[in-house]
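Encoded as structure tokens, the structure appears first; notes follow it.
Each value in this text was obtained by applying a stated rule to the coordinates, not by laboratory testing. Computed from a predicted structure; not experimentally measured.
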Amino acid sequence: MSRASYDPPERFVAGTVGPPGQRAFFLQAVRPGSRTTMSVEKFQVALLADRIEDLLDATGTRTTQPPAPDNDPLETPFEDDFRIVAMSVEWDTERELVHLRCHDRDPDDADADQDARAAGLPPEIQTVDVVIQPGTAQEFARRCKALVSAGRPPCPFCGGPLDPTGHICPRANGYRR
């Protein structure tokens, strides 16, 4: 297993590249001398934010004074090191920190290694561990939610994303609104 550890990272952020409707989502962990950029799906970013908030609520560590917001873009230039397939969010009870693990394939899937070799991926699972303070995790979740909501506005009838040219709404029997 190839593992990179950011405990703690200098910076851990979610970001996007591209215009709404064509955005690619990334998570980026940075420490002096090292940077890992992982591509991720939009729904995974939204779920990650929700899970972090649930964890902070369950542990009673949500703060009214989170750190200053990090609204800077992703560090460039970059290529994604891998696409995230599986993630976990855990609470480190001894250190009272949030621990995120990102994998390029499901570590519990026995067939994942064979499928990875067939797809041309490295034979070992790539994993990135990120350990952050609760306040930093809260700010990270806020940024994730802001990124997700900054996309295309939803259709008032079906909730699907509206393109600048409109969209074919299933609630309007296929007519363009």
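Observations on the structure shown:
- Largest mean-square fluctuation among 138, 28, 65, in a Gaussian network model of the chain whose springs join Cα atoms under 10 Å apart, belongs to 65.
- Candidate membrane-span-like segments in the chain, meaning DSSP H helices with Cα atoms spread over at least 15 Å of their own axis and a Kyte-Doolittle mean of 0.0 or above, are 42-59, with no membrane implied.
- Near the amide H of residue 83, within less than 5 Å, lie the amide hydrogens of 39, all on another chain or at least 5 residues away, with H placed in the peptide plane.
- Cα radius of gyration and Dmax for the stretch 51-177 (Å): 19.6, 57
- Summed over qualifying helices (DSSP H, 4 residues or more, each -39500 (n - 2.57)) and divided by its residue number, the chain shows a 222 nm mean residue ellipticity of -7500 deg cm²/dmol.
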